[in-house]
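So the structure is just underneath, and the comments pick up after that.
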Amino acid sequence: MLIATNKLRYNGDSVFEWCCSNVQVKVDDNENIRPVKENKASALKIDSVIALITGLSICVLEEPKKVSVYETRGIRSF
């Protein structure tokens, strides 16, 4: 995990740390992993961890911005 290996920087938010401490990792038969609470009915929250994962996935999956040919060579006229 990024936090356990100190590869994620954050502002030291105590609520975020609390949510991280409530997360368990579940692996299914297809080796998919997902964050879960230990007990589904628990009042413990993991919302900020889910938000972090969602935000990181958007960053990773976003396609790089394509550069227009006009930006690299300019406009040609005859």
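The values are calculated or read from the model by the stated rules, or taken from the named source; none is laboratory data. Every value quoted in this text rests on a predicted model; they were computed, and no experiment measured them. Only protein heavy atoms, including side chains, enter the accessible area calculation; ligands, DNA and RNA are left aside. Shrake-Rupley method; radii C 1.70, N 1.55, O 1.52, S 1.80 Å.
A few points about this structure:
- Sulfur and carbon atoms: percent of accessible area, the chain [1.4 Å]: 55
- The chain: radius of gyration over Cα atoms, expressed as a fraction of 2.2 N^0.38 Å: 1.76
- When Val49, Val23, Val60 are compared by accessible surface with a 1.4 Å probe, the order from highest to lowest is Val60, Val23, Val49.
- Candidate aspartates and glutamates for bridging to Lys37, where Cα separation is under 13 Å - those fewer than 8 sequence places away on the same chain excluded: Asp47
- For the chain, accessible area per residue (1.4 Å probe, heavy atoms of protein chains only), Å²: 92
- Axis angle, to the nearest 10 degrees, between helix 47-61 and the longest C-alpha principal axis of the chain: 30 degrees.
- Per-residue SASA entry for Ile33, accessible area with 1.4 Å probe, Å² rounded to 10: 130
- Secondary-structure-derived ellipticity at 222 nm for the chain, considering helices only, amounts to -10500 deg cm²/dmol, per-run term -39500 (n - 2.57) for DSSP H runs with n ≥ 4.
- By accessible area with a 1.4 Å probe, ligands and nucleic acids excluded, highest first: order of Thr72, Thr54: Thr72, Thr54
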